[in-house]
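What follows is a single structure, written as C-alpha cells, with notes after it.
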Amino acid sequence: MKSFEVNFDGLVGPTHNYGGLSFGNVASQSNSQQASNPKEAALQGLEKMKALMDMGFVQGVLAPQERPDVGALRSLGFSGSDAQVIALAAKQAMPLLVASCSASSMWVANAATVSPSADTADGRVHFTAANLNCKFHRSIEHPTTSRVLGAMFADQQHFAHHAALPAVAQFGDEGAANHTRFCRDYGEAGVEFFVFGRSAFDSRYPAPQKYPARQTLEASQAVARLHGLSEEGVVFAQQNPDVIDQGVFHNDVIAVGNGELLFHHQDAFLNTDQMLAELHGKLAARGGNFQSICVPRDQVAVEDAVRSYLFNSQLLSRPDGSMLLIVPEECRANPRVWQYLQGLTAAGGPIREVKVFDLKQSMQNGGGPACLRLRVALNETELAAVNPGVIMTPALYDTLTGWVNRHYRDALRESDLADPQLLIECRTALDELTQILKLGAVYPFQIN
C-alpha cells in the first residue's frame, strides 16, 4: 500500500501582527511593533501550499484560530460585552490584548506531535496537541487545535487524539517542532526522534542560562507513551543549551530530518556522536540506512543559521529518491548560507535541489517554512479517511485566495487590535472558512 507524508500548512489568521511576544525568538523580538500585512502573509503561505501541490506533493490546510480570544481575556477578569472586554483590556493591560490577538497558531509545527500508524501499538495515527505552556499567547491555542484536528481526522478507526499534557512547566510541550521521524518508507515502522531542551526532574541535564528551554524530556517521554511507541522505535536527544541561548528556541531552527536523513548544525545537540549512533542502530534494525549531513560551524555560524532559518526548511522526498530543500528568501540573502547551499547541491548527496520562497511576513515574526507545516504520514486508506475539505486542490486554492482577499486587512498595527470591528471581521471570515473546509463548529463563537 502506498504511503505519503502530507504537509498540512497553517493558514495565517486575520490578526497576524508583530507583537514581539516570543522571548527567545530573535526575529519575533527584533520586529516588535512594526506594521504587519495579514493579507500578504496569508497569500504568501497559500502560494507555498500551491507550489508544493503543483510539484506533486499531497498538501493540506490547517485553519487559524479565533482572535482576539475574548474568552481568555474574560478568564483574566475583563467583563462586559465582547467590545467592552476588548476596550478594557486595551486600556488596562494592552500586552494581554496583544497576546490574545496573536496569530501564532499559523506555525502548526507547534500544533501537535503526530505518530504514524506504522509506529504505534494500536495501528492508528496518534495526535497529541501541544500545551505550549511556555508562552501565554500560545498556551491558549490547544483547545481549538484539538477540535480542528478532530474535525480533520475524525475517523476513530484510523485516528486517535490525545488532550494536551498538563499545562505546567515540568511538561512543557512544543509539538512537532521538536520531533522528527526517520524511516525507510513512510508506511514502514520508523524511529521517532524527540529533542528536549531540559529535564524537569533530573539535574544531570544542563539547562540554558539566557533563554527558556521550552521542551522537557518528561513531556517527550509522555507523548511517546501516549502514542504507544516502543523503546526500539524512539530516540531522545538533548538540544545544546548554548544554542538555545543564541536564539534556537526549537530544534527545527537548528535541524531538520526526513526519510533516512538528518540535516543539522554541528552545534545542534549534546552528545552528538552517541545520538547519531543510536539513530543509526535503531533505524538499521527496522531496515533503514540512517544518514546525516552536519553543517560545520566554520561554514555557517549559529547566528547565520538563526537569522536565515536555514534549518527551518522543508526536506521533501522526490519519487527518484532525491531530496528537495524548501528554504526562505533569507537564505539566499545571507552570503555564507547561500554559498553553503550551492556547495551542498553540487556535491551529489541526497539533497539535490533548493527552492526559495518569499515568506517575509512569517519570517519577521520568527517562523519559516518548517514552522508553517505539520507533517502527517498516511497510507492510502488513512488519506482517504481524512476530511477531504482540507486537502489542497486548484479549486480550493482559488477559493481560499478569494476568501483572504475579501476578509483580510492589508495593514495591522498594535493600536488596531483595540478595534472591536476586528473581532467581527475575524469571526465572519472563520465562519465562512469552516464551511469551505467542511470543519463544522470548531470555534468558541460557534459553540457557545
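Laid out as a table, the results:
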quantity: Filter result for the condition that a residue is of a type in the set (Gly, Ala, Ser) and either over 17 Å from the mean Cα position of the chain (by Cα) or open to solvent by 30 Å² or more (accessible area, probe 1.4 Å) (or both), over Ala164, Ala151; calculated: Ala151
quantity: Hits in region 330-352 (condition: under 27 Å from Phe4 (Cα atoms) and open to solvent by less than 60 Å² (accessible area, probe 1.4 Å)); calculated: Leu341, Leu344, Thr345, Gly348, Gly349, Pro350, Ile351
quantity: Count of region 108-137 residues which are closer than 23 Å to Val168 by Cα and open to solvent by 20 Å² or more (accessible area, probe 1.4 Å); calculated: 4
quantity: Matching residues in region 300-317 - criterion: being within 17 Å of Val256 (Cβ to Cβ) and part of a loop (DSSP other than H, G, I, E, B); calculated: Val300, Tyr309, Leu310, Phe311, Asn312, Ser313
quantity: Entirely in region 16-98, the helices (runs of 4 or more DSSP H) that have 2 or more residues that are modelled with pLDDT under 95 and out of contact with any Pro (no Cβ under 7 Å at 6 or more places or on another chain); calculated: 26-30, 38-54
quantity: Extreme residue, surrounded by the most Cβ atoms within 10 Å (Cβ to Cβ), among residues of region 410-448 that are of a type in the set (S, T, N, Q) and farther than 17 Å from Ser81 by Cα; calculated: Thr434
quantity: Count of region 227-244 residues which are under 20 Å from the mean Cα position of the chain (by Cα) and under 19 Å from Tyr186 (Cβ atoms); calculated: 1
quantity: Complete set of residues in region 109-125 that are part of a helix (DSSP H, G or I) and not polar (S, T, N, Q); calculated: Ala109
quantity: Filter result (closer than 12 Å to Arg336 by Cα and open to solvent by less than 40 Å² (accessible area, probe 1.4 Å)) within region 302-319; calculated: Val302, Asp304, Ala305, Ser308, Leu310
quantity: Contacts under 6 angstrom Cβ, first residue in region 61-88 being among the β-branched types (Val, Ile, Thr), partner assigned to a helix (DSSP H, G or I) and open to solvent by 20 Å² or more (accessible area, probe 1.4 Å), 6 or more apart; calculated: Val70/Asp82; Ile86/Pro420
quantity: Residue among Asp185, Asp173 that alone is of a type in the set (D, E, K, R) and over 12 Å from Ser220 (Cβ atoms); calculated: Asp185
quantity: Hits in region 223-248 (condition: β-branched (Val, Ile, Thr) and in a helix (DSSP H, G or I)); calculated: Val223, Val243, Ile244
quantity: Listing of helices (runs of 4 or more DSSP H) fully contained in region 326-415 that carry 3 or more residues being under 21 Å from Ala111 (Cβ atoms), at pLDDT 95 or above and within 24 Å of the chain's Cα centre (by Cα); calculated: 380-385, 394-407
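For (1) closer than 19 Å to Leu52 by Cα; (2) free of Cβ contacts under 8 Å to residues at least 40 places away in the same chain, each residue gets a yes or a no:
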| residue | (1), (2) |
| --- | --- |
| Arg318 | yes, yes |
| Gly321 | yes, yes |
| Glu330 | no, yes |
| Asn334 | no, yes |
| Val337 | no, yes |
| Gly348 | no, yes |
| Ile351 | yes, no |
| Asp358 | yes, no |
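Residues are listed down the side, and each one gets a yes or a no for (1) within 23 Å of Glu5 (Cα to Cα); (2) of a type in the set (D, E, K, R); (3) modelled with pLDDT under 95:
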| site | (1), (2), (3) |
| --- | --- |
| Glu260 | yes, yes, no |
| Gln266 | no, no, no |
| Ala277 | no, no, no |
| His280 | yes, no, no |
| Cys294 | no, no, no |
| Ala301 | no, no, no |
| Leu324 | yes, no, no |
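The values are calculated or read from the model by the stated rules, or taken from the named source; none is laboratory data. Remember, predicted model here, so these are calculated numbers, not experimental data. Don't worry about glycine lacking a Cβ; one is built from the backbone with ideal geometry, like all the others, and counts go over all protein chains shown. With ligands, DNA and RNA removed, areas are computed over all heavy atoms of the protein, side chains included. Shrake-Rupley method; radii C 1.70, N 1.55, O 1.52, S 1.80 Å.
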